[in-house]
Amino acid sequence: MFKKVLVANRGEIAIRVMRACRELGISTVAVCSEADKSALFAKYADEAYLIGPAPSSQSYLNMEAIIEVAKNTGAEAIHPGYGFLSENPAFAKRCEEEGIIFIGPPSNVIAEMGSKIRARHLMMKAGVPVVPGTKDAVEDPEEAMEIAEKIGYPVLIKASAGGGGIGMKVVHSREELATSLSSTRQMAGSAFGDSSVFIEKYVEEPRHIEIQILADSHGNMVYLSDRECSIQRRHQKLIEEAPSPIMTPELRKQMGEAAVKVAKAIGYVNAGTVEFLYSKGNFYFLEVNTRLQVEHGITEMVTGIDIVREQIRIAWGDKLGFEQEDIVIDGHAIECRINAEDPLNDFAPSPGKIRRYRSAGGPGVRVDSGVHTGYTISPYYDSMISKLCVWSRKREEAIARMDRALYEYVVVGVKTNIPFHKAVMRNPAFRRGDMTTSFIEEENILEAVEHVVKADSEKGATLASALEAKDKKVAAITAAVHAYVNMAQKTQR
Ligand code: MV4
């Protein structure tokens, strides 16, 4: 096994990866920006090195600085986490050139999946269902119209180099098509340096369901659980669950086998995710994410498989230790992404110092975070504070458990989206498992959030005044005392 691994990321995911390393007896190297010098992840590592100023373009995206640290420290492999350099084929290539193992798929696989037209091609060839649309890039408005007439409006123009919701335009009628085509091409050209676009039938109100896969370097591949990721806002997922409420053993087998077909078609190695749109009983290939995903933890909870551990073992050249028939989905897991943002102010980021912090705990609760009391959330990076995951045998129990965990969670000093999550856990459509990618607007969740914020404000005011009083005993508190303060108030009434 590797003796030393460099983690080219920050925050909770850096810690998540280093936890797996520690369990495997691998020593860890962190790289950090000036903003993260005293961050928890840098302290968790066996060694930590400064790679540049706070802006990620000068630190976490600085390939050569990271490779230099790997070489100087003798790290044999680099884990990129998610975001930053995780899906950058040039970085994977640079690692390959330097003889450093990139813990992820080969650079050519990352590059191929980066081209959505190429990915779509491969899927069609492999017999995986794709949304009706064009086979190749479309330039000519006449040709675009012909296709659009054939598949029927509305259609979606997508940038080949896009993905994750960037560079798409819905077109409702023939009149809009030519202008939208040229504007999307122009946008794609300046954003990605590649103006090629393709056209798909616009699937209205779909669900977003994805399949986690694992593939070793010996040709063995399995699918783990599916995940429901429909509750998102502007392509930022907020709540995920495993399995999807609509999943049946038959559908899981169909989608899982399609995902493995996808992986085989492209020579996939390591962990990956195949995204699908689901609508009215049909599913369609969307894209492949060639990285570890934020929401991998819920799949770990329902399968018992440590995905990061498997990634490292696969990169080392080990064979998967299990076959498809060994994978059993047990119970139900839900993740709420706890972000420092204000859901009542258009989810605006709320950076700043966390003055009091205590995360939830107890049965079936997992919290992955990189923060603590006194930690300052930097405006330079994304606003995720932690991932709160729960597991229970039944979905209904998992929802009750999440609601309970959210009740326990205390963050003072920055605004968080905890009230948003509470509102969703109590929403009847969510409880029925009835959601699409338009859930937040359709269910008017923000109105429910206002009610939660109002109800919680009394509790918050008590806590805040206790903090202001600087009473040592009270000041030492976190959630346990929050419950205590709350109780004291109740008995006073
Ligand atoms: C679509 C679609 C409807 N029809 N493609 C958004 C992210 C990118 N991966 C593809 N996306 C979509 N592609 C067709 N043909 C709707 C979306 C979409 C979406 C997909 C998943 C999760 C949330 C979404 C929110 C808006 C649009």
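The values are calculated or read from the model by the stated rules, or taken from the named source; none is laboratory data. Since the structure is predicted, the reported quantities are computational estimates derived from the model, not experimental observations. Glycine gets a Cβ as well: all are built from the backbone with ideal geometry, and neighbour counts include every protein chain shown. In case anyone asks, the SASA skips ligands and DNA or RNA and just uses the protein heavy atoms, side chains included. Shrake-Rupley method; radii C 1.70, N 1.55, O 1.52, S 1.80 Å.
Of all residues in region 177-191, none satisfies being under 30 Å from residue 323 (Cα atoms) and within 14 Å of the ligand (Cβ to nearest atom).
Against the test of being closer than 30 Å to residue 260 by Cα, open to solvent by 20 Å² or more (accessible area, probe 1.4 Å) and of a type in the set (Val, Ile, Thr), the options 365, 390, 328 yield a single qualifying residue, 328. If you filter region 202-220 down to residues that are over 30 Å from residue 150 (Cα atoms) and buried (at least 19 other Cβ atoms within 10 Å of the Cβ), you find that the one that is farthest from the ligand (Cβ to nearest atom) is 216.
Number of residues in region 53-90 that are crowded, with 18+ Cβ neighbours inside 10 Å and hydroxyl-bearing (Ser, Thr, Tyr) equals 4.
Would you say residue 123 is within 16 Å of the ligand (Cβ to nearest atom), touching a residue at least 12 places away in the same chain (Cβ under 8 Å), closer than 30 Å to residue 14 by Cβ and in contact with a helix residue (DSSP H, G or I) (Cβ under 8 Å, 6 or more places away or on another chain)? So residue 123 does not fit the description; no. Give me the residue from region 285-307 that is touching a helix residue (DSSP H, G or I) at 6+ places or on another chain (Cβ under 9 Å), among the charged types (D, E, K, R) and modelled with pLDDT of 95 or more and, out of that set, most open to solvent (accessible area, probe 1.4 Å). Step by step, filter region 285-307, then rank; the result is 291. For region 40-73, a residue qualifies if it is within 24 Å of residue 3 (Cα to Cα) and either touching a residue at least 60 places away in the same chain (Cβ under 8 Å) or touching a Pro at 6+ places or on another chain (Cβ under 7 Å) (or both), and the qualifying residues are 40, 41, 66, 69, 70, 73. Per the listing 424, 411, 452, the residue uniquely touching a Phe, Trp or Tyr at 6+ places or on another chain (Cβ under 7 Å) and open to solvent by 10 Å² or more (accessible area, probe 1.4 Å) is 411. Per this entry, residue 38 is not counted among residues that are under 23 Å from residue 276 (Cβ atoms), polar (S, T, N, Q) and either assigned to a loop (DSSP other than H, G, I, E, B) or in contact with a His (Cβ under 8 Å, 6 or more places away or on another chain) (or both).
Kindly establish whether residue 321 is more than 15 Å from residue 105 (Cα to Cα), open to solvent by 10 Å² or more (accessible area, probe 1.4 Å), among the small types (Gly, Ala, Ser) and more than 16 Å from the ligand (Cβ to nearest atom). Here the answer is yes, as residue 321 does meet what is asked. Going through (1) modelled with pLDDT under 95; (2) away from the ligand (no atom under 16 Å from the Cβ); (3) more than 19 Å from residue 139 (Cα to Cα) one by one, residue 223 falls short only on (1).
Would you check which residues across region 233-253 are within 19 Å of the chain's Cα centre (by Cα) and under 15 Å from residue 212 (Cα atoms) and list them? Result: 240, 241, 242, 243, 244. If you scan region 404-426, which residues turn out to be of a type outside the set (Phe, Trp, Tyr) and part of a loop (DSSP other than H, G, I, E, B)? Residues satisfying the conditions are 413, 414, 415, 416, 417, 426.
Only a single criterion out of (1) open to solvent by less than 50 Å² (accessible area, probe 1.4 Å); (2) closer than 19 Å to residue 28 by Cβ; (3) not in a loop (DSSP other than H, G, I, E, B) is not satisfied by residue 50, namely (1).
Residues in region 255-284 that are touching a Lys or Arg at 6+ places or on another chain (Cβ under 8 Å) and either modelled with pLDDT under 95 or assigned to a helix (DSSP H, G or I) (or both): 265 alone. From 293, 311, which residue is in contact (Cβ under 8 Å) with a residue 60 or more places away in the chain, within 16 Å of the ligand (Cβ to nearest atom) and not in a strand (DSSP E or B)? Matching residue, one of 293, 311: 293.
The requirement of being among the aliphatic types (A, V, I, L, M), at pLDDT 95 or above and in a loop (DSSP other than H, G, I, E, B) is fulfilled nowhere in region 66-73; no residue meets it.
Scanning for something open to solvent by 10 Å² or more (accessible area, probe 1.4 Å) and closer than 25 Å to residue 148 by Cα, does region 238-258 turn up at least one residue? Scanning region 238-258, I find no residue that is open to solvent by 10 Å² or more (accessible area, probe 1.4 Å) and closer than 25 Å to residue 148 by Cα, so the answer is no. All told, residue 196 meets the bar of being closer than 24 Å to residue 136 by Cβ and in contact with an Asp or Glu (Cβ under 9 Å, 6 or more places away or on another chain).
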